[in-house]
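Only one structure is covered here, and it is reproduced in the block below.
The values are calculated or read from the model by the stated rules, or taken from the named source; none is laboratory data. This is a predicted model, so every value here is computed, not measured. Heads up, the Cβs are rebuilt from the backbone with ideal geometry, glycines too, and the neighbour counts pull from every protein chain shown.
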Amino acid sequence: MKKITETTVSFKSKNRQWSLVDVKGKVLGRILPEITRKLQGKHRVDYTANLDMGDNVVVINAEKVVVTGNKAKTKIYTHYSGYPGGLKSMTYQEMQKNKPEQIIKLGVAGMLPKNKLRAKRLTRLFVFKGNKHPYVDKLS
C-alpha cells in the first residue's frame, strides 16, 4: 500500500509587495478592479484562491477620484443601523467632501469575494485623502 504524502504551503513564503495607486483624475469604476486584483493576489503567478496571497495597496488622492455621467448627483450610499429610523443616506458629492476614503474602501469591499478572507484583505488596503502617507519607506 502506498503512503500518501501531504504537502503543506509555507505561509512564510508569501512575499507581500507594496503597491502605490494614485487615483487622481481616474474613473472610480476603472481603478477599483485593479486595486481588488492586487489585494487578492490575482496578478501573481503563485495565486491560490483559498490562500491570502495578495499585496498591500496604498491609495493616494482619494478626494480627486472621478465618476462618469450623472453619478456624482444620483449615486447614494446608504447605511442602516438596524434600529427603526436608522437609515442614513449620503450622495456621492457629500461623501467626497466628508469621507473620500470611504468611497474607495466601500467600492473595493463590494468587489471582493464575500468569504472569510475578505476582512484580512481589506486590512491591507490603506487609503489617504492627499498624497502624503506614512508608508513611503515600504514602497521604495
Can you give me the number of residues within region 72-85 that are more than 16 Å from residue 105 (Cα to Cα) and out of contact with any helix residue (DSSP H, G or I) (no Cβ under 6 Å at 6 or more places or on another chain)? 8
Looking only at residues in region 101-140 that are among the β-branched types (Val, Ile, Thr) and surrounded by fewer than 16 Cβ atoms within 10 Å (Cβ to Cβ), which one is nearest to the chain's Cα centre (by Cα)? 123
All conditions in (1) modelled with pLDDT of 95 or more; (2) within 16 Å of residue 35 (Cα to Cα) are true of residue 95 except (2)
Check whether at least one residue in region 78-90 is part of a loop (DSSP other than H, G, I, E, B) and either among the aromatic types (Phe, Trp, Tyr) or crowded, with 17+ Cβ neighbours inside 10 Å (or both), and report yes or no. yes
So which residues in region 98-111 are of a type in the set (Lys, Arg) and either over 18 Å from residue 34 (Cα atoms) or part of a loop (DSSP other than H, G, I, E, B) (or both), if there are any at all? 99
Taking only region 84-113 into account, find how many residues are more than 20 Å from residue 60 (Cβ to Cβ) and not small (Gly, Ala, Ser). 9
Answer yes or no: is there a residue in region 33-47 that is more than 23 Å from residue 140 (Cα to Cα) and at pLDDT 95 or above. yes
Report the residue count in region 1-28 for those that are part of a helix (DSSP H, G or I) and modelled with pLDDT of 95 or more. 1
If residue 34 satisfies every condition in (1) within 19 Å of residue 116 (Cα to Cα); (2) free of Cβ contacts under 8 Å to residues at least 24 places away in the same chain; (3) acidic (Asp, Glu) but one, which is the exception? (1)
Could you list all residues from region 112-140 that are assigned to a loop (DSSP other than H, G, I, E, B) and basic (Lys, Arg)? 114, 116, 124, 129, 132
How about region 98-140: which of its residues are among the aliphatic types (A, V, I, L, M), at pLDDT 95 or above and in contact with a Ser or Thr (Cβ under 9 Å, 6 or more places away or on another chain)? 108, 111, 112
